[in-house]
Each structure stands twice: as structure tokens, then as C-alpha cells.
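Okay, structure first, notes after.
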Amino acid sequence: MDKIRVGVVGVGALGQHHARVYASLPHAALAGVADALPERAEEVGGALQTRAFADYRELLGKVDAVSIATPTTLHAQIGEEFLRAGAHVLVEKPMSHTLEDANRLIRAARESGRLLQVGHLERFNPAVQALREIVKRPRFFEAHRMGLFSPRSLDIDVILDLMIHDLDIIALLVPSVPAKINAVGLPILTRRIDIANARIEFADGCVANVTASRVSMEKIRKLRLFQAGEYISLDYTRQDVAVYSLTGSPGGEGNQILGRKLTPEHKEPLAQELEAFLAAARGEGPVECTGEEGLRALDLALQILAQAESAMAREFDTK
């Protein structure tokens, strides 16, 4: 089978791992990497024995598929150029910082006939894949995504940077649309919101309480949910799921709560994501997280951001 020529634009904290994984995949040929910092491109390209470019346009026409891991504000411009040049595109999350630019990417993919996949990595976490098999009709979510401060992704706030991971998974599991959103957030170490909380009420009555921070003292990646007769706790980092089920009907005599743990085989989510992307490019599988699904998560994140910024402005106006 011919190998797919792939490239990576932006080989910083995350993009370097896209390049590393592509270089290891049997159906991929890493044709080159590009970064605005020439020394960074040379460092990563040299380590992986591939060509390095300071201008991403040098990759146009040289790749069949590309990962874009640049600052979010550049996603639409670069992604559109590669799509119209005939390359399939995997764009890191969030797919853009505006709905207009997100739709620009979707339109370019449709008009070019190329694939657009959004890099919502947690979809490929084995624990999330196990969770999707047992969720029926969730009624309440509690999500916590806390991390140590890092200088990466400071062109966007914590809602678009971290919270959007959980927003995508929740939207994937809830067969309804958001009906009401309340959110708060504060800048701590940057001029953008670094810690935020959102309460989302869906039209079917489900409620999600989501917290994200990039200025915490510990790293937490957990999602908990309730559905009829069950409490489920997922740990993204450990890649496991704990399920607590009620035997019998609520209020019945002799009821017990039985616990079990789902421990799927540990896998690197990024490797699973890129393998799925290349399989879709070969026509051997569907696109997991289409542009439209990425747009849905982005839309929800931007609504939360608007609410948080409005609440913050009111708070400062009263001082």
C-alpha cells in the first residue's frame, strides 16, 4: 500500500508529537515539518530525518495530508490553503477562535472535496471510548480539568484551551442542545481568562457543571456523570472508568450498589487519532470529529466565554 505523504505545520509542544507519531506509522511518510521558528523546525526535522521549513507554504503540493498545530488564530488561514491545494487537513482544537473562521474551514473542505478533521484528542482516549458504550441518557455531568501553568496557547483563554475538551465529550454524549448557560471566569497569570466554571442546562433537562483551570497546583482530568440507576466516574489520565450501579428499583428493600471498573488497554490517544485520520484519508473509515462537530464544540465554548466575560465586566464595574 502506498504511503500517504504527511506534514506538520507548527512543531511546538503538541505539533512535535504529531510529527513523532507520523514518523512511526507504517502507512505514513513524513514529508516535512514547518515552523515559524526555523531553529525549531530544524531541530524536530533533524531528529525525525525529514525536511524542515520556516514557511509552511513550502509544504503545499508536497503532502497529501497535514496536521496544523499552530496558534489557534492561524488555523483557518493555513487550513484553507492546504485544503484548496488538495491536502486532507487535521486541525488541532479549537478549530478556530471565531465561528466565521470555523465555517471558512468547513466551506473550504466541502468545495475542495478534501477531509477536515478536528483534533479533539479525548475522543480517542480508551476510557472515553468505553464510556460511550455504556452511556444511555445522562442527567448530570461534573467535569474538572485542572493543569499547571504553561506558556503555551496563551493566544486563547482557558475555555477554548482546556474546557473545550470536556465540552466536546459532553456534547457527544447528550442528545440535546444547550438551552441555558451561566459562566464565570477570571484572569490570574495572563490577560485572558485562566480559570472558569460553566453550568449548562440542555433542552432535555440534562445539566453539566464544568470547571477548567490552567493555574492549578495539580493536574486533574476527570468527568463524572449520573444516569438512571448509575454513577460513572472517568479518569482521562488513568484511562479507566468506575461504574456504580443500583440493583433493583429506587427505594426498594434490599437494594445494593455494585461497583465495577472498566480498564481498557492503554493506548496513546494521539496515535489513535492520527491513525484514524489517515484511515479516513485512504477511504477506509469515517472522519471522527468532523468540521461540523468541531464547530458545535467551538460554538458552545464561545457562548461560555461570552457569559464569563460579561460576568467579569459586571464585577469590575461594581468596584
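Could you count how many residues in the range 8-45 are closer than 19 Å to L83 by Cβ and assigned to a helix (DSSP H, G or I)?
3
What number of residues within the range 113-156 are of a type in the set (D, E) and buried (at least 19 other Cβ atoms within 10 Å of the Cβ)?
1
Among strands (runs of 3 or more DSSP E) lying entirely in the range 184-238, which contain 1 or more residues that are among the small types (G, A, S), closer than 14 Å to L305 by Cβ and in contact with a helix residue (DSSP H, G or I) (Cβ under 9 Å, 6 or more places away or on another chain)?
On the way: elements: 195-202, 207-213, 220-227, 230-235.
By residue number, 195-202, 207-213.
Among the listed residues A280, A212, A242, A271, which satisfies the condition of being under 28 Å from A301 (Cβ atoms), in contact with a strand residue (DSSP E or B) (Cβ under 8 Å, 6 or more places away or on another chain), of a type in the set (G, A, S) and not assigned by TED's automatic domain parsing to the domain that holds L148?
Working: A212 fails: not assigned by TED's automatic domain parsing to the domain that holds L148; A242 fails: not assigned by TED's automatic domain parsing to the domain that holds L148; A271 fails: in contact with a strand residue (DSSP E or B) (Cβ under 8 Å, 6 or more places away or on another chain).
Result of the check over A280, A212, A242, A271: A280.
Residue check, C206 against (1) within 23 Å of the chain's Cα centre (by Cα); (2) surrounded by fewer than 16 Cβ atoms within 10 Å (Cβ to Cβ), all met but one. Which one?
(2)
Only strands (runs of 3 or more DSSP E) wholly contained in the range 80-159 count here; list those with 1 or more residues that are within 22 Å of T237 (Cβ to Cβ), within 16 Å of the chain's Cα centre (by Cα) and modelled with pLDDT under 95. Write out each step before concluding.
Numbers: elements: 88-92, 116-119, 140-146.
Strands (runs of 3 or more DSSP E) meeting the threshold: 140-146.
So, of the residues in the range 46-71 that are under 25 Å from the mean Cα position of the chain (by Cα) and part of a strand (DSSP E or B), which turns out to be farthest from G15 (Cα to Cα)?
It comes out as A65.
Would you check if A271 is closer than 27 Å to D64 by Cα, of a type in the set (A, V, I, L, M, F, W, C) and outside any loop (DSSP other than H, G, I, E, B)?
Values: closer than 27 Å to D64 by Cα: yes; of a type in the set (A, V, I, L, M, F, W, C): yes; outside any loop (DSSP other than H, G, I, E, B): yes.
When the stated conditions are applied, A271 passes them.
Give all pairs with beta carbons closer than 7 Å in which a residue from the range 40-53 that is hydroxyl-bearing (S, T, Y) meets a residue that is crowded, with 19+ Cβ neighbours inside 10 Å; count only pairs at least 6 apart in sequence or on separate chains.
Sorted first by the residue in the range 40-53, then by its partner, the pairs are T50/L30; T50/A31; T50/G32; T50/V33.
The values are calculated or read from the model by the stated rules, or taken from the named source; none is laboratory data. From a predicted model like this one, the values you see are computed outputs, not experimental measurements. FYI the Cβ positions are ideal-geometry reconstructions off the backbone, even for glycines, and counts take in every protein chain you see.
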